[in-house]
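The values are calculated or read from the model by the stated rules, or taken from the named source; none is laboratory data. None of the values given here were measured: they were computed from a predicted structure. Cβ sites come from the backbone with ideal geometry, for glycine too, and all protein chains shown count toward neighbours. Surface accessibility is based on the protein's heavy atoms, side chains included, excluding ligands, DNA and RNA. Shrake-Rupley method; radii C 1.70, N 1.55, O 1.52, S 1.80 Å.
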Amino acid sequence: NTVLMGWPRDDSRAESFGANIRLIARMNRSILAMRFLAHRQEDLDSEDVSDVEEHWNVPPGTIDVWWRGMENGALMMLLAHLLHKNQSWRDNPIRLLRIVGNEEAKSEVHNHLVELGTASRITIVPEVIVSKRPPFEVIQQASADAAIVLLGFQTPAEGDEAMLYKRMEVLAGSLPRVLFVDSAGGMTLDS
C-alpha cells in the first residue's frame, strides 16, 4: 500500500515525477520520496562507493516529524516509530514539531502533541515553536541537527508539478536527509 521512490535531483524531472505520483495516488497508495542532499552536491560524479554506503550509516540526531495534521501526520508518526524500533536507530529520539504564530497557542498545541504520542503509544519529544518567520526558515533551523526529517506533501494537480517541487525544496533547504510523505489515508494513531 506504499511506494518508496527517490526525490528528483533537479527541477527538470519535476513534471515526470508529478505524473508518476499522481498515478500512484490514483491507485490509492501512499508515497514516500527520499531526498539525500549529498547526491546533489556531489552528483555522484566520483561513483565512489563510500558515498553511497555513507547513507546507510545512522547519523546522530533526532527523527523529526513536522506535524501539520492527521492527513499525512499519522503515517509520518508510524514511519518514525518503525524507524526508531530498528536497533541502529534506537538512540535517535522522535521529535514531533509544530509551528504556531503566537504564544497563546503554544500550550494548547503542546498538549495536543502530547495526546497524539500518548494515544499512539509512541514515545515522542513534543516541541512547539512560536514564530512569525517563514516555515522554511523555522524548519531548517530547528531540524539542522536531525538525523532525518519527515515532511508531508500533497500530490500535485496536473500542471502544478514544478510548484510542488519548488515548495518542498524550499522547505527542505540544506537538510541532508528528508523523507517526503503523502498518505493515501486510512491511518489512525489510536492504539
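Some observations on this one:
- Considered as an equivalent ellipsoid built on the Cα gyration tensor, region 103-148 has semi-axes of 21, 16, 6 Å, the largest given first.
- From its DSSP helices (H runs of at least four residues, each -39,500 (n - 2.57)), the chain gives a residue-normalised ellipticity at 222 nm of -12500 deg cm²/dmol.
- Apportionment of accessible area to carbon and sulfur, the chain, percent (1.4 Å): 50 percent
- When the Cα positions of LEU189, GLN141, GLN154 are compared along the charge dipole of region 45-191, LEU189 comes out farthest toward the positive end, with charges on each C-beta of Lys, Arg, Asp and Glu.
- Descending semi-axes in whole angstrom, ellipsoid equivalent of the chain, from the Cα gyration tensor: 26, 20, 18
- The chain - percent relative contact order, Cα under 8 Å, separation 6 or more: 32 percent
- DSSP-defined antiparallel bridges as percent of all bridges, the chain, nearest 5: 20 percent
- Residues whose placed amide H lies under 5 Å from that of ARG95, excluding near-sequence neighbours: ILE63, ASP64, VAL65, VAL125
- For region 152-191, the calculated P(r), taken from all Cα-Cα distances in 5 Å bins from zero up to the bin holding the longest distance, is 5, 19, 22, 22, 13, 12, 5, 1 percent.
- Built amide H within the under 5 Å cut-off of VAL130, gap 5+: VAL100
- Close amide H partners of ALA184, meaning residues 5 or more places away or on another chain with modelled amide H under 5 Å apart, are SER30, ILE31.
- Normalised per residue, the accessible area of the chain is 55 Å², obtained with a 1.4 Å probe and no contribution from ligands, DNA or RNA.
- The order of the peptides 165-171, 118-124 by mean Cβ neighbours within 10 Å, most packed first, is 165-171, 118-124.
- For LYS106, the lysines whose Cα falls under 23 Å of its own Cα, not counting residues fewer than eight places away in the same chain, are LYS132.
- Relative to the longest principal axis of the Cα atoms of the chain, the long axis of helix 103-120 makes an angle of roughly 80 degrees.
- Among 174-181, 110-117, 28-35, the order from most to least packed when residues are scored by Cβ within 10 Å on average: 174-181, 28-35, 110-117
- Separation of alpha-carbon centers, region 1-31 and region 142-191, rounded to whole Å: 12 Å
- Hz values of 3J(HN,Hα) by residue in region 74-81 - Karplus curve (6.51, -1.76, 1.60), Gly and Pro given as x: 4, 5, 4, 5, 4, 4, 4, 4
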